[in-house]
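Peer 1: Have a look at this one.
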Amino acid sequence: MNQNIGVVVFPGSNCEKDAMEALADLGATPLLLWHADSDLQGVDAVVIPGGFAHGDYLRPGAIARFSPAMEAIIDFAHNGGPVLGICNGFQVLTEAGLLPGALQKNSGLKFLCKEVELQVESTDSVLTNMTSKGQTLRIPINHFEGNFTCTDETLIELQSQDQIILTYTENPNGSMANIAGICNTTRNVVGLMPHPERACHTLLGSTDGRILLESFIQGAHAAV
Amino acid sequence: MDDQLHRSLGLTDDELAKIVEILGRDPNHLELAMYSVMWSEHCSYKSSRIHLKRLPTEGKNVLVGPGENAGVIDVGDGIAIALRIESHNHPSYIEPYQGAATGVGGIIRDIFTMGARPIAIMDPLRFGPLEDARSRWVAEGVVSGISGYGNSVGVPNVGGEIVFDETYKGNPLVNVLCVGILPKERLVLGQASGIGNLAVLLGSTTGRDGIGGVSVLASAGFGDEEEDAEKRPSVQVGDPFEEKRLIEACLELLDEGLVVGIQDLGGAGLACAASETASRGGVGMDFNVSAVPQREAGMQPFEIMTSESQERMLAIVEPENLEQVFAICNKWEIRSSVVGKVTPSGALRIVDDFDGEVLGEVPAASLHEDAPLYERPISEPDDMDTAITDQATTLPGPEKIEDDLFDLLMSPQWATSQYDSQLFLNTVVGPGSNAAVLRLKHPTSGEDTGRGMALTTDGNHRWCAINPRIGSAMTVAESVLNLACVGAVPQALVNCLNYCSHN
Amino acid sequence: MVYDACVEVKLREGIADPQGSTIEKATDNLGFAGITNVRVGKCIRFQVQAGDEEEAKNIVNELCDRFLTNPVIEEAVIEIQVVG
């Protein structure tokens, strides 16, 4: 496939190399995009990885969303470019207004690192187009602020427009409607709290993350 | 100067006499402050060095043994591993979250100061019984602190231990191990060298954090109570975000070959970093205390030199590389300031501007190497006989055996689920097993060598209390067996020995 | 002129606040009866340069909308005072 996929690095990001390793193993060509640089180097798709951009200070993603790279990514997304936000990346996308809602502290008020079961609710997104509706996937979560919330009106919109792409079978963090991942109305911007890049290698546990990243890589191919 | 001042700083009369002998005169406040922190038990190991000298420290794969910031071994394929374990017990009893968090920060700095990227930590923890409210508060705070700092700085926690026992009530043990990986050519020591080279301070501003005992100098000779209250030492607060940027900046400086030596700042702060780097290099240093970026107004030189503010490193740099060093630090938003110059004299001179007043002058090696060596008296504990002759058959049996069984079965998952154990995609066997097993990937190319690295921490206070020698030997044996259980061959051992005060 | 600003960032009405609930339960255990409706927010203090109080308020309002609050879940209560 050989799609060029940009992986953004903010000060404090820490999952960028993991995302690159997982994408490269699946045949894509990942490259790092420095947060202060607005040149996206002609990539076919963008991944905003997990970590603690700007220390999560003020609010997770609150500072990162104003970076030059993010300004370019907002344009890229408005032009239909595929964008995937993982964990901290999901938080950045909501702060940037590319996805609705917000992520709050886990209802149990503790950091949670564990494998969870997700259910595919919609296959109509750049992340889930290779999956089947109702398919279950075991993918790890790793966060303190993964509790998805939005207004009732927004929830109705998300539900009626099939924008909820992944839910938790057993809600670990209090997320509204068990939401683990959503997409925008044009289905090219997706965000999820679980880490698919951590479920790609047989030695490390589940490999259910592969189908999600393969979908994304394929989505990048389609967008070119 | 007050005759008893040295005693309130924790120095004995003999130690003061030794200082006077070294200097050929009485020390001033600043010099006394530096000796008192550098010759403290924590920094100098003055009561334990004669014993620690007996440990076996040589091996064909050892690249760096004791005496530096971390041990380093060669593991083949051009890869080296840095390893160290340290304690942060007392601060964790006072302020559990920050005590544990800054403990994690400190050990991680000891690793990346060698040129290694920290890739895993482990936390062997000991707390008082869960029935005791304070012990519970300490345990929860410590685990949150390790989680909060470790996850945020981006180093996975792949294992450890949690033990609850009456003996730790009021005296929790918070030990943290860190392991790092480096390409052999990036190995760097905490040594100043090259006359005319510059000492550059990287990282956070310097405040009154952790000044502790030396803070008595603030009140010595000052009358104003309100002023004194402002000079109270602050609890050290860790900033994992600063540390993460510091890791990236330092490793980039090392990859670019811009650093001759580098040391992290921990106990005894700048006094330690400046004197140790100079002493190890057999050189001197002029240290400009006015160039140190300060977080608080009106800091005195002795405060600046002994502050334990977190997330700071001291790098030795050739002058022609300075601009590039600044550029890389700016990219990572790390403060960088020239604070010292390497001199041939062997003296650590604290100055107010490089051309300004000399505020203090001591032989650098005297702070680092000439701390007294004590052979403390040894005797068996009074209750030794009773302890040894305890027989399982004569001890009272459990009231409800099922309660004891449940206690034994308690899962540490309440703690380990708060730790990111998966970052870097290396963790094949994570917390809860005999030993952690990590993939060994090349530190620069990221290529999987196909080999793995196993890690374990072990301790047993009961065995060691009954028979320190055999108990310790059995603890080492347990570690070896834990590694064997996951198919690994032991390569190196680091220890963190926690005891009550020698006096 | 220099103004002291204090921005209290509050959770919007209806947004769940597990921290607040936990604290509320704890006050009960500590023997404080009748503590209810605990909500946790944060207070951000700073100084701002402006021609007059109205300009200062406008600057702070915009800062809140664009950055200091996440309007999806938070709102701000602002206090401005001229520095003597």
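Peer 1: May I ask you to order A:57-68, B:377-388 by the average number of other C-beta atoms within 10 Å around their residues, highest value first?
Peer 2: A:57-68, B:377-388
Peer 1: For each pair in B:LYS331/B:LYS441; B:LYS331/C:LYS10; A:LYS110/C:LYS10, compute the distance between the two Cα atoms and list the pairs where it is over 29 Å. Write out the running numbers ahead of the final one.
Peer 2: Details: B:LYS331/B:LYS441 27 Å; B:LYS331/C:LYS10 34 Å; A:LYS110/C:LYS10 21 Å.
The answer is B:LYS331/C:LYS10.
Peer 1: Remind me, what semi-axes does segment A:4-223 give for its equivalent ellipsoid, largest first in whole Å, using sqrt of 5 times each Cα gyration tensor eigenvalue?
Peer 2: Result for segment A:4-223: semi-axes of 22, 19, 18 Å.
Peer 1: Measuring from centroid to centroid over Cα atoms, what is the spacing of segment A:123-169 and segment A:5-42 in Å?
Peer 2: So the separation of the two Cα centres works out to 23 Å.
Peer 1: Enter the Cα centre distance for the pair segment B:1-57 and segment A:181-216, rounded to the nearest angstrom.
Peer 2: 58 Å
Peer 1: Give me the percent of Cα-Cα pairs in chain B that sit more than 42 Å apart, rounded to a whole number.
Peer 2: 19 percent
Peer 1: For chain A, modelled as a Gaussian network with Cα springs under 10 Å, which listed residue fluctuates most, A:GLN91, A:GLN161, A:GLN104?
Peer 2: Of A:GLN91, A:GLN161, A:GLN104, the Gaussian network model singles out A:GLN161 as fluctuating most.
Peer 1: Just report the Cα centroid separation between segment B:234-284 and segment B:137-181, whole Å.
Peer 2: 23 Å
Peer 1: By per-residue mean of other Cβ atoms within 10 Å, what is the highest-first order of C:10-21, C:41-52, A:175-186?
Peer 2: Details: C:10-21: 14.8, C:41-52: 12.8, A:175-186: 21.4.
For the peptides C:10-21, C:41-52, A:175-186, the packing ranking is A:175-186, C:10-21, C:41-52.
Peer 1: Report the far tail of the P(r) of the protein assembly as shown, meaning the percent of Cα-Cα pairs longer than 45 Å.
Peer 2: Everything past 45 Å amounts to 30 percent.
Peer 1: Which of rounded, prolate or oblate describes chain C when judged by the alpha-carbon gyration tensor and an a/c cut-off of 1.5?
Peer 2: Verdict is prolate for chain C.
Peer 1: Determine the calculated [θ] at 222 nm for chain A from helices alone, applying -39500 (n - 2.57) to every DSSP H run no shorter than 4 residues and normalising by the residue count; nearest 500 deg cm²/dmol.
Peer 2: Taking each H run of at least 4 residues, the total per residue is -7000 deg cm²/dmol.
Peer 1: Where the only charges are on Cβ atoms (+1 Lys, Arg; -1 Asp, Glu), what is the dipole of chain B about its Cα centre, to the nearest 20 debye?
Peer 2: It works out to roughly 1480 debye.
Coordinate-derived values only; no laboratory data. Keep in mind that this is a model prediction, so the values were computed, not measured. Quick reminder, even Gly has a Cβ in these numbers, built from the backbone with ideal geometry, and neighbours come from all protein chains shown.
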